[in-house]
Amino acid sequence: MKETNEKDRELSVVFWRYLWSSILISLSASVGTVVDGIIVGNLIGEDGVSAVNLSSPMIQLLFTISLVVASGAGMLIGFALGQKDGRRVRYIFTLSMVASLLVGVLFTGAGFYFSDSITRAFCHDDYLFTYTHDYLKVILIGAPSFMMLWEISAVIGVDGSPRLASLAIIVDNLVNLCLDIVFIEYVGWGIAGSAAATVVGHLVGILIMLRHFKGKGNSLTFSLTHDKPEFLNIVLQGAPLAIASVCLTLLLVSANHVFLSAKGQNGIFVFAVCMNLLQIYNMYISGTCRTLQSLGAVQIGKNDDHAFSLILRKSFLFITVSMAVTCLLICLFPGVISRAFGADSPEVIAECNHVFRIFAVSFIPFCYIYLIMIVYKLYKQDCMALFISFALSLTVIPLLLLFFHYAPQYLWYSYLVAYLLEIVAIFVLHKLTHARLSL
């Protein structure tokens, strides 16, 4: 019993070390996104914030493809490290790095030759088209930096360098925010300067993370020698997260169109700020999921159910407390938030005060659903994980359209209603399928 308690204490120390490192990564990324929006809102105006939000489905698509590779490779590397299979670790690492780089280069080509067509697919408003195009073209050209940043941070975190990954992401965002002001205000690049600052920040972050590969504890070296192909396994492991991200991209495109049609330019600005507020929740959920995947995969590789259950309980406790505090702060200070993003008219501020409180509550069930999806995946309950992946967004889209056509005055409630329905559906399916899920 004493030995078990000591083991639990040691695992708790490791858990919190990984969690805070992961939170710092998510905090830096989330705060960077939010502050980026504030800088754009104040230096360019509300139209700049709207243009960045209209471009976000493409960034979400980049993130989706990265999730297929980085998340899948991270889980498999964690399993292999737990089993002390160094040969498999090296093979999976090599495949994932090559795949991430190739995908990034393909997006760069699309940025050079098809940026007009791609922008038109995301922005139907002629007034916002130029802003959106200028921002999106730079993001596409810099796509390899996005792909490699997310890939390297995922694999070195599992390999024992979560602090280095968090340092790199923090510096990345500091560089991004500083260059935002320089490129927009002093160089005169406008909205394209904000995108360029993001790309340069990512490149700096990648350079910092390369230090891991010179360390003594590095298990990640290049090798294509293995007994069987692994790329399909990487894709299958990352599929639930990737599908969820694809669906979120579809949701974002649909929501942008619906809110722009129903609420006009003021409405798309309010929705854009709400998506920035989601980054605060995303800070906690991403950090927790990253920790759960890294430590959970290793414990599963060791067949240590007790340690895995301890990690799950701590993850759910942390996410509950952090979401409650965030929701309370947003509900108490919506006016401060709206003004910080550049809102100045009483009409827009009043709408923000109403909508922010609705979305603050709506994001709580979303975070629980996302975390449960990770748990099902780690328990190898692939059907339930895939169901949640699709349900995360595809439930919201039809409700958005129903509210838009039949009750537009309640359109802002569509997210909350959809996520509550999803929780009921997950509970029912869990009981019907007798899926294994012990916390």
>> Can you classify the stretch 56-109 as rounded, prolate or oblate using the Cα gyration tensor, where a ≥ b ≥ c are the square roots of its eigenvalues, rounded means a/c under 1.5, and otherwise it's prolate if a/b beats b/c and oblate if not?
In response: oblate
>> Less than 17 Å apart at the alpha-carbon level, and either on another chain or at least 8 residues along: which aspartates and glutamates does that give for Lys314?
In response: Glu6, Asp8, Glu10, Asp304, Asp305
>> Given the options Pro346, Ala51, Gly82, identify the residue whose Cα lies farthest towards the positive end of the charge dipole of the chain (+1 on Cβ of Lys, Arg; -1 on Cβ of Asp, Glu).
In response: Gly82
> Roughly what angle does helix 346-378 make with the longest principal axis of the chain, taking Cα atoms, 0 to 90 degrees, to the nearest 10?
Replying inline: 20 degrees
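Placing unit charges on C-beta atoms (Lys and Arg positive, Asp and Glu negative, everything else neutral), compute the dipole magnitude of the chain about its Cα centre in debye, rounded to 20.
1540 debye
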> Packing-wise, with mean Cβ within 10 Å as the measure, how do 152-164, 341-353 rank, highest first?
Replying inline: 152-164, 341-353
>> As I understand it, the value is the acute angle between the Cα axis of helix 86-113 and the longest principal axis of the Cα atoms of the chain; what does it come to in degrees, rounded to 10?
In response: 20 degrees
>> Just to verify a number: FRET efficiency for Gln83 and Ala121, C-beta to C-beta distance, R0 = 41 Å, to 0.05?
In response: 0.40
>> Modelling each spin label as a point 7 Å along the Cα-to-Cβ direction, I'd like the Phe427/Lys302 distance in nm, to one decimal.
In response: 3.5 nm
> Rounded, prolate or oblate: which fits the stretch 302-387, taking a ≥ b ≥ c as square roots of the Cα gyration tensor eigenvalues, rounded meaning a/c under 1.5, else prolate when a/b beats b/c?
Replying inline: prolate
>> Output wanted: per-residue J couplings in Hz (rounded whole) for the stretch 187-194, from phi through Karplus 6.51 cos²θ - 1.76 cosθ + 1.60, θ = phi - 60°, x for Gly and Pro.
In response: 7, x, 7, x, 5, 5, x, 5
> How much mean residue ellipticity at 222 nm does the chain get from its helices, if each DSSP H run of length 4 or more adds -39500 (n - 2.57) and you divide by all residues, to the nearest 500 deg cm²/dmol?
Replying inline: -29500 deg cm²/dmol
>> Please report the accessible area of Arg90 (heavy atoms, 1.4 Å probe, ligands and nucleic acids excluded) in Å², nearest 10.
In response: 80 Å²
> Relative contact order (percent) for the chain, with alpha-carbon contacts under 8 angstrom and 6 or more residues of separation?
Replying inline: 23 percent
>> Could you derive backbone 3J(HN,Hα) for the stretch 11-20 from the dihedral phi with the Karplus parameters 6.51, -1.76 and 1.60 (θ = phi - 60°), listing whole Hz in sequence and x where the residue is Gly or Pro?
In response: 5, 4, 4, 5, 4, 5, 5, 5, 4, 5
> Between the helical axis of 396-406 and the dominant principal axis of the chain, each derived from Cα atoms, what acute angle in degrees is found, rounded to the nearest 10?
Replying inline: 20 degrees
> Using all Cα-Cα distances in the chain, what percent lands in each 20 angstrom bin from 0 up to the longest?
Replying inline: 25, 59, 15, 0
> Which of the residue pairs Lys137/Lys263; Lys84/Lys214; Lys263/Lys431; Lys216/Lys377; Lys214/Lys302 have a Cα-Cα distance greater than 29 Å in the structure shown?
Replying inline: Lys263/Lys431; Lys216/Lys377
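The values are calculated or read from the model by the stated rules, or taken from the named source; none is laboratory data. This is a predicted model, so every value here is computed, not measured. Methodologically, a virtual Cβ is constructed for each residue, glycine included, from the backbone with ideal geometry; neighbour enumeration extends over all protein chains shown. Just the protein is used for accessible areas: all its heavy atoms, side chains included, with ligands, DNA and RNA removed. Shrake-Rupley method; radii C 1.70, N 1.55, O 1.52, S 1.80 Å.
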